[in-house]
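Comments concern the structure below.
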Amino acid sequence: KGFNFQFTPNVYWYYVIVLLVLFTIFVVRRLDDSRLGRAWTAMREDEVAAASMGVNITASKLWAFSLGATWGGIAGITFANFQGFVSPESFTFMESVFVVSVIVLGGMGSIPGAIVGALIIQGVPELIRGLSSSGVIPMSAEMQSAVSNYRYLVFGLLMVVMMAWRPQGILPSKRRARELHPDDERMKDIESETLFDAQHQTALPGEDSEF
């Protein structure tokens, strides 16, 4: 009789989002290892030094804004099709707080860290809600409302603790971890290495970048 599996709209969107996330991870990895990505890193460390090594600051910034806007547009199109309706009220200040919290908690410059941060901040409250609605965790309606209303307060306190005791996040990138621990013997001259790698980044806006 088969598995009686129904390809519902929610399942359809699940696979669409998974494919989009995997594609995003692939693009980010490629950018990180490209000349353009190394130029961005050099600009973050020292914009003047990056320019002195031949990095076209204006072109690199334009690429950053363009690619960022492109990915924001792709995410917006996906969200609008999933919701069926969007308005300015759909994007509140707390959405920005959520994104920043995910990065700070998971670890800056780290894809696994961003995934872990999102799972903790968004997944844990949803898990608690699901367990309470199924009766696994007995909670009254007032308690469920309190969990929903005060979760950002809890995450705010968690951010303070993370910034005080582990500013690099749960799973930071190797570069970010070394930057926050300059006394480590493994720490090398990060800025010099980055600037050296960025020397071959395209110098003219019309030239192609490795990708």
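The values are calculated or read from the model by the stated rules, or taken from the named source; none is laboratory data. Given the structure is predicted, the values throughout are model-derived calculations rather than measurements. No Cβ is skipped: glycine too gets one built from the backbone with ideal geometry, and neighbour counts run over all protein chains shown.
Note on the stretch 53-162: enclosed helices (runs of 4 or more DSSP H) holding 2 or more residues that are farther than 23 Å from Leu19 by Cβ and not assigned by TED's automatic domain parsing to the domain that holds Arg38 are 93-106, 124-133. Of all the listed residues (Gly68, Gly2, Gly73, Gly84), the sole one being of a type in the set (Gly, Ala, Ser), modelled with pLDDT under 90 and under 26 Å from Glu95 (Cα atoms) is Gly84.
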